[in-house]
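A.B. asks: Take this structure, written in structure tokens, and hold onto it; I'll ask about it next.
The values are calculated or read from the model by the stated rules, or taken from the named source; none is laboratory data. Since this is a predicted model, take the numbers as computed values, not measurements. For neighbour counting, all protein chains shown are included, and Cβ atoms are generated from backbone atoms with ideal geometry for every residue, glycine included.
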Amino acid sequence: MNITLIEPFFTGSHAAWATEYARHSEHNIDILSLSGNYWKWRMHGGAVTLARKFSASGARPDLLLVTDMLDLTTFLALTRHETARLPVAIYFHENQICYPWSPKDRDILQKRDHHYGFINYSSALAADLVVFNSAYHRTAFLNELPRFLKQFPGPHELDTVAAIRARSRVLHLGVDLQKFDLPAISHPQKEKADRAPLIVWNHRWEYDKNPEEFFQALFALHERGMDFRVAILGESFRENYPIFKTARGILKDKIVHCGYVEDFAHYAHWLYRADIIPVTSNQEFFGASLVGALYCGCYPLLPRRLTYPELVSHETYPDIFYTDFQELVEKLAKALQSIETIRRQSFRHCIEQYAWQHMAPEYDAVFGDMVRETGVTS
């Protein structure tokens, strides 16, 4: 079976998902993409460019698999002669209806932010299958849609929510966990009593990942005189976040690394060295960076919300979850004080199910069934 996978924002986790699924799938997957810059313009105008490229390519796939960054209605309108009978699945990595926008964003200040959510809504309505990367994400999107639609002048078309729900399902994000076991990557022993515990931040340096709360927790531990080290990883984009500069001033020598690690082997080495990963995100629809850290042996401290109780069972591991900032500080302090016990625990078994060798056959089966049900083949 031939699949054209369309990704207007080909970078980071979006690019990894597309290339890794193409590599692990039994289907033939051709990726049509644009570079991962200017995400808002990719949602506005990317469909026009991608429609032109698709038509010019002469591709006649059995299935179109697109992501939430594509304005699917515009793409289908511009390629109607080629795509009129093709089944279309849309994969939601995130959505702009539930996404916590920064209050400093220009579109928020000018009250023009709703268009991106409407692109997600109309694209879901146009697709034959709507796929979410977690059950939390599916529930959050569908529950928020009625409120989102009611803010516009009527008719509100609330019946469309049930239509989207009926053709939606969950396919968790596949993650290439095998690459953490490559021979080029050494697996260092966790530091013992002669080395202070290492706390890691491996998220984007952006508003939705809530670095302020992460560092405020570390500042509180620093004021108590607790001994620890910090490795600040993750990618920084255009916006400057003063909290990172503040952290360097307060934590000083406790920070053993600060900056994006482009080389994967170097990045994985830091995860294997790390002891604890406290997560403070305001938004997480799956959590690929957390999955990688858990595979490498990090001990998590997670908010009891978003997708985290789905990734790691709250019922089985209640001690790793917190409900407010003070509980985060206290659980982090306790973990530092009992670091030898922490270093002996592993959560790898909780997340191995998301490896591509398990997820790719599930994706293949779902998309294969779509094509068989429509009876359309190239």
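A.B. asks: Here are 50, 78, 63: which of them is under 25 Å from residue 37 (Cβ atoms), touching a Phe, Trp or Tyr at 6+ places or on another chain (Cβ under 7 Å) and either at pLDDT 95 or above or buried (at least 18 other Cβ atoms within 10 Å of the Cβ) (or both)?
C.D. replies: Of 50, 78, 63, the one residue that is under 25 Å from residue 37 (Cβ atoms), touching a Phe, Trp or Tyr at 6+ places or on another chain (Cβ under 7 Å) and either at pLDDT 95 or above or buried (at least 18 other Cβ atoms within 10 Å of the Cβ) (or both) is 50.
Conditions (1) at pLDDT 95 or above; (2) in contact with a Phe, Trp or Tyr (Cβ under 9 Å, 6 or more places away or on another chain); (3) surrounded by fewer than 20 Cβ atoms within 10 Å (Cβ to Cβ); (4) not assigned by TED's automatic domain parsing to the domain that holds residue 42, marked per residue:
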site	(1), (2), (3), (4)
73	yes, no, yes, no
105	no, yes, yes, no
131	yes, yes, no, no
151	no, no, yes, no
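A.B. asks: In the range 215-233, what count of residues is obtained for those that are more than 12 Å from residue 336 (Cα to Cα) and of a type in the set (A, V, I, L, M)?
C.D. replies: Final tally of qualifying residues: 6.
A.B. asks: Can you name the residue in the range 139-155 that is free of Cβ contacts under 8 Å to residues at least 40 places away in the same chain and closer than 30 Å to residue 22 by Cβ and, of all such residues, is nearest to the chain's Cα centre (by Cα)?
C.D. replies: Restricting to residues being free of Cβ contacts under 8 Å to residues at least 40 places away in the same chain and closer than 30 Å to residue 22 by Cβ, the top hit is 139.
A.B. asks: Moving to a separate point now. Among (1) assigned to a loop (DSSP other than H, G, I, E, B); (2) out of contact with any His (no Cβ under 7 Å at 6 or more places or on another chain); (3) under 30 Å from residue 178 (Cβ atoms); (4) touching a residue at least 40 places away in the same chain (Cβ under 8 Å), where does residue 282 come up short?
C.D. replies: Single failed check for residue 282: (3).
A.B. asks: Further question: Taking interchain pairs and intrachain pairs at least six residues apart, which have beta carbon atoms under 7 angstrom, with the first residue in the range 156-178 and under 30 Å from residue 269 (Cβ atoms) and the second of a type in the set (Lys, Arg)?
C.D. replies: Matching pairs, first to second residue: none at all.
A.B. asks: Considering only residues that are assigned to a strand (DSSP E or B) and among the small types (Gly, Ala, Ser), which ones fall in the range 68-98?
C.D. replies: In the first step, residues of the range 68-98 are kept if they are assigned to a strand (DSSP E or B); the result is 88-92.
Within the range 68-98, 89 is the sole residue that qualifies.
A.B. asks: Continuing with this model, one more query. If the requirement is being of a type outside the set (Val, Ile, Thr), in contact (Cβ under 8 Å) with a residue 24 or more places away in the chain, over 30 Å from residue 85 (Cα atoms) and not assigned by TED's automatic domain parsing to the domain that holds residue 65, which of these qualifies: 348, 304?
C.D. replies: Values: 304 fails: in contact (Cβ under 8 Å) with a residue 24 or more places away in the chain.
Just a single option satisfies the conditions, and that option is 348.
A.B. asks: For residue 244, all conditions in the list (1) farther than 27 Å from residue 319 by Cβ; (2) assigned to a strand (DSSP E or B) hold save one; what is the number of the exception?
C.D. replies: (2)
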